[in-house]
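Below is one structure; the comments refer to it alone.
The values are calculated or read from the model by the stated rules, or taken from the named source; none is laboratory data. The structure displayed is predicted, hence computed values, not measured ones. Glycine gets a Cβ as well: all are built from the backbone with ideal geometry, and neighbour counts include every protein chain shown.
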Amino acid sequence: MNLVENEQKFLQFYDQNITKIYRYIYFRVGSQEVAQDLASEAFLKAWQYLKDGNSIGNLSAMIYQICRNLISDYFRKNPNLPIPLDDVAESHISESQTGMEEKTEKNLKLDQIMVCLRLIREEYQEIIIWYYVDDFEVNEIAQILGKSEGAVRVSLSRALKALKEVLEG
């Protein structure tokens, strides 16, 4: 496949996946600006890899692996960052919802979930975000993590249990 064909396919992949990639990063870092920067950097790294003549078996899995590495690097460089929960709640609650009480209740629940999500293992955070926020299938998560589907199902179950314990505790 030549570079022009790769570029067209890559741009199509970008258009179809940028929102999911951004959302995944955003839920992990809690900052719109950082999420935008890291999402851009992830796609740029993947494109550079393709441009260098390398082939990618599963582009989605590769992008998420790049994102995981970028997020780890980000937290390694900034270990004491606070989570801007007001920003999270404001930007991820639908504007079309009616009723101030309903919106306030959802904001409070989202705040609580975001705080608790940060208190469980990193792998559990990722699995919950991919499965419940990004609507990934178990087999897609397995490809990203390089694990079996059974192992992902077990991790998802444990992640939910850990999140529930933190929410209740």
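Mind listing just one residue for me: the one in region 138-154 that is under 14 Å from the mean Cα position of the chain (by Cα) and surrounded by fewer than 20 Cβ atoms within 10 Å (Cβ to Cβ) and, of those, nearest to Asn17 (Cα to Cα)? Reasoning before the result, please.
Filtering region 138-154 for residues under 14 Å from the mean Cα position of the chain (by Cα) gives 140-141, 144-145.
Keeping just the survivors that are surrounded by fewer than 20 Cβ atoms within 10 Å (Cβ to Cβ) gives 140, 145.
Numbers: Glu140: 14, Leu145: 18 Å.
Residue satisfying both the conditions and the ranking: Glu140.
Here is a yes/no grid of residues against (1) buried (at least 19 other Cβ atoms within 10 Å of the Cβ); (2) charged (D, E, K, R); (3) in a helix (DSSP H, G or I):
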{"residue": "Glu5", "(1), (2), (3)": "no, yes, yes"}
{"residue": "Tyr14", "(1), (2), (3)": "no, no, yes"}
{"residue": "Tyr22", "(1), (2), (3)": "no, no, yes"}
{"residue": "Gln36", "(1), (2), (3)": "no, no, yes"}
{"residue": "Ser40", "(1), (2), (3)": "no, no, yes"}
{"residue": "Ile56", "(1), (2), (3)": "no, no, no"}
Extreme residue, nearest to the chain's Cα centre (by Cα), among residues of region 107-137 that are among the acidic types (Asp, Glu), modelled with pLDDT under 85 and not in a helix (DSSP H, G or I): Asp134
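Quickly run through region 1-25 and pick out the residues that are under 30 Å from Leu119 (Cβ atoms) and without any contact (Cβ under 8 Å) to a residue 12 or more places away in the chain.
Residues of region 1-25 that are under 30 Å from Leu119 (Cβ atoms), as a first pass: 17-25.
Residue satisfying the conditions is Thr19 alone.
Any chance you could count how many residues in region 40-76 are of a type in the set (Lys, Arg) and at pLDDT 90 or above? It would help to see each step written out before you state the result.
Kept after step one, since they are of a type in the set (Lys, Arg), are these residues of region 40-76: 45, 51, 68, 76.
Next cut, at pLDDT 90 or above only: 45, 68.
Number satisfying all stated conditions: 2.
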Pair list, Cβ under 7 Å, 6 or more apart: region 140-169 residue part of a helix (DSSP H, G or I), other residue modelled with pLDDT of 90 or more and of a type in the set (D, E, K, R): Ala142/Glu149
